[in-house]
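A short write-up of the structure that comes next.
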Amino acid sequence: MLASVALVAALAGCGADPEPKTPTLTWLTPPDRANLDRVAAECSEDSEGAFTIDHVELPDDVDERRTEVLRLLRGGADIDILGVDTALTAELAGSGLLAPIPAARAADLSEGVVPAALAASSVGDRLVTAPWWYDPQLLWYRGSSAERAALDTSAPVPWSSLISGARQIGGTVQIDGGSGTGTVAWVTALVTGAGGEVLEGRGRTPEIGLGGDAGSRAADVVESYVAAGVGPGPSPDALRSFAAQGGTFLLAPTSIVSDPVVTAIAAELRWTGYPVVDGDVAVPASGVGLAVPADADRRTLAFEAISCLTGTDVQKDLMIRYGHAATRAALYQDEDVLSEYPMAEDVEAALAAVAPEPVTPFYARLRDAIGATWEPTRDVDAGTPAASARLAEDLIRGELP
Amino acid sequence: MTVGAPAPVAGPRRARRSDLLWIAPGLVVLALVVLVPLGRTLWLALHRTSAAGDTSFVGVDNLVEVLTEPSWWRAIGLTALVAVVVLVLQLGLGLAFAASLRHVARLWPVARVLAILPVALLAVVSAVAARSAVDGGFLATWFELADAGTLTQLAAVVTGELWRTTGIVVVVLYLALTRVSRSLLDAATADGASSWQRWRRVVLPAILPSLAAVAAWRLLEAWRLFDGPLVISETGAEADPVSGAVVVWHTAFGTYETGLAAAAATVLLVLTMVVAVAAWLLVRLGRRR
């Protein structure tokens, strides 16, 4: 008797639900200084009831994030939109865990996109993720540090001048650690700038260029950096040290302008292009592209949401407010951007000379190899490039560390 | 046919066939639960896979790689070291505590509950507590452990396991001690044996079967430790893991080299069987004496 009453009540409750609910799309991104909840809310409003976007953050550390993303995707978690690190793009593309972008949308999403960002979101000619933001690194300095260090900021600054100049004025050259990517970005930029290529080939036996002349040149730069005593190398405390007493130079992505630690010294913040090794400009960059998991239920809605999230308005907002370099080339000529985002010109120049992250599904192994050999920075010597190349070959081939 | 006297030849044969029928369902379940995963692991070990999904048949390459990799044998060596250290310390401390408790037998009802209590907790609890102890906790200050190197990891794993399961050893050995024949001890005292001689010649031989059984059990458990090494490996990213199982875990679910992890798991299984044989010999040794 009691059971049947309960059953009837439950059924009545079910039947009493009048309107169909707006589908909620779950959107996962790496942690961001930008207020992505607000961005999600705005795109939800613009959809006029078609969907609601629920934003969730992934772990901060890049290795943890990779493991978390792989586990979620393989475990069939209910994710609709995924913010994919550009470093992970090749791995996820090959894994079949991402839904292919429909040809029509791919054409829209790649139209007018900065070439470097497009390359970072593609594997070969195929667009794998929707380019969202792609931040190059800049050389930031405080007040008149560059003038005092006798640096010519009208042209790319050589590493040797930067290091000796910083030492002369008793300042530091901080390098942003970027939750575990700082060393790899630095080494990639140095090796590419010295004329080499870190890794070529997407299989198990790529050509590793770390051990050649370019690698030795890169090790020389790191050794002179350590010898001059101008900083601890890539570090998670780089921003704090830069903003504190005695901070002079910083190498960090464009989005640090929105960091609360940096906004405190915003008045005296200046910038110029990333330093060069011998003459060729090679700027490290990394970004996030948006993709839909292969087993997502509401693919069409998800791609609609991605069109909004990667749209001009959102990208302009992210660039002006948070310093995330937009991937739509047209925005760099936009009036509002030029007036409210003074770094636009330098960022555009930087994006034209990016030293891209090596495109390989085994990027995480490469990162392990570089981390095991080029860290700690003070232990880098002439044998480091060859050792890192050997270790990278072993790890990518599939050996135990 | 005589009443009540079944044909001797037909009887045992029929019993054997029906025995098999009775245990057949159990065998089927055992096969499914053990043989199928084992088979799949061996199959995986013959391939090289990656998170990107490309799979290629590599035969015994993975196995050779595991068997010739120094870092793997370092991890196995550390696993063995942990097992031996934990075993020796647990037996020693357990015996000492049990012998002491015999002198305050009034405390036994309370003591036996308190001793078993830590085991009621999940192993991960003691693992996390031990990690805090070495990561700026009391162990770090007592032994001046600098950073998360191998020594720190070993200290954490051994401490966590000692705290958690020494209690059971105490309980088992206490009960074994209560069974030592009173009359034998009295006879030894009458013969003029000192307490150490009584201990060595009467008590130890009497509790040897229990001691051997506990030793075999704790050896296997200490060899199988996983929670402790896994939790502590998160702090010491540069140090070698102190457990082969953690290496398998990191390879399978960290770098997603599934084939290599399967090969490593197979090697670990074989090594575990060796340890199991050693434990069995230990028990037999105890019983024969």
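Values in this text are rule-based calculations from the coordinates and carry no lab data. Just so we're clear, the structure is a prediction, and the values are computed from it rather than from any experiment. Cβ sites come from the backbone with ideal geometry, for glycine too, and all protein chains shown count toward neighbours.
Below, the figures for the structure above:
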item	result
Hits in region B:208-246 (condition: crowded, with 19+ Cβ neighbours inside 10 Å and more than 23 Å from B:Arg164 (Cβ to Cβ))	B:Asp240
Single match in B:Ala188, B:Ala212, B:Ala155 (criterion: more than 18 Å from B:Ser243 (Cβ to Cβ), free of Cβ contacts under 8 Å to residues at least 40 places away in the same chain and not basic (Lys, Arg))	B:Ala188
Complete set of residues in region B:246-257 that are without any contact (Cβ under 8 Å) to a residue 24 or more places away in the chain and more than 9 Å from every other protein chain (Cβ to nearest Cβ)	B:Val248, B:Trp249, B:Ala252
Subset of region A:52-109 [closer than 20 Å to A:Gly177 by Cβ and of a type in the set (Val, Ile, Thr)]	A:Val62, A:Thr67, A:Thr86
Residue match in region B:216-224 (condition: outside any helix (DSSP H, G or I) and in contact (Cβ under 8 Å) with a residue 24 or more places away in the chain)	yes
Residues within region A:84-117 that are crowded, with 20+ Cβ neighbours inside 10 Å, out of contact with any Pro (no Cβ under 6 Å at 6 or more places or on another chain), away from chain B (no Cβ under 14 Å) and not in a loop (DSSP other than H, G, I, E, B), tallied	3
Odd one out for B:Thr235 among (1) polar (S, T, N, Q); (2) more than 14 Å from chain A (Cβ to nearest Cβ); (3) in a loop (DSSP other than H, G, I, E, B)	(2)
Boolean, B:Ala99 is more than 14 Å from every other protein chain (Cβ to nearest Cβ), part of a helix (DSSP H, G or I) and in contact with a helix residue (DSSP H, G or I) (Cβ under 7 Å, 6 or more places away or on another chain)	yes
Pick from region A:375-394, criterion outside any helix (DSSP H, G or I) and within 14 Å of chain B (Cβ to nearest Cβ), ranking: farthest from B:Ala51 (Cα to Cα)	A:Pro376
Residue match in region A:210-225 (condition: more than 17 Å from A:Val184 (Cβ to Cβ) and within 20 Å of the chain's Cα centre (by Cα))	no
Cβ-Cβ under 6 Å pairs, at least 6 apart or on other chains, region B:48-72 side at the interface with chain A (Cβ under 10 Å from one of its Cβ atoms), far side aromatic (Phe, Trp, Tyr)	B:Ala51/B:Tyr256; B:Val66/B:Trp72
Within region A:25-73, tally of residues that are under 30 Å from B:Ala252 (Cα atoms), outside any strand (DSSP E or B) and either aliphatic (A, V, I, L, M) or more than 23 Å from the chain's Cα centre (by Cα) (or both)	6
Test result for B:Ala276, in a helix (DSSP H, G or I) and within 11 Å of chain A (Cβ to nearest Cβ)	no
Within region A:70-83, tally of residues that are within 11 Å of chain B (Cβ to nearest Cβ) and surrounded by 18 or more Cβ atoms within 10 Å (Cβ to Cβ)	2
Test: residue in region B:109-131 that is over 21 Å from the mean Cα position of the chain (by Cα), surrounded by 14 or more Cβ atoms within 10 Å (Cβ to Cβ) and away from chain A (no Cβ under 14 Å)	yes
Unique residue being hydroxyl-bearing (Ser, Thr, Tyr) and more than 10 Å from every other protein chain (Cβ to nearest Cβ) when the list is A:Thr67, A:Thr52	A:Thr52
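Conditions tested, residue by residue: (1) assigned to a loop (DSSP other than H, G, I, E, B); (2) among the hydroxyl-bearing types (Ser, Thr, Tyr); (3) over 15 Å from A:Thr181 (Cβ atoms).
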site: A:Ala350; (1), (2), (3): no, no, yes
site: A:Glu357; (1), (2), (3): yes, no, no
site: A:Arg365; (1), (2), (3): no, no, no
site: A:Ile370; (1), (2), (3): no, no, no
site: A:Thr373; (1), (2), (3): no, yes, yes
site: A:Ile396; (1), (2), (3): no, no, yes
site: A:Pro401; (1), (2), (3): yes, no, yes
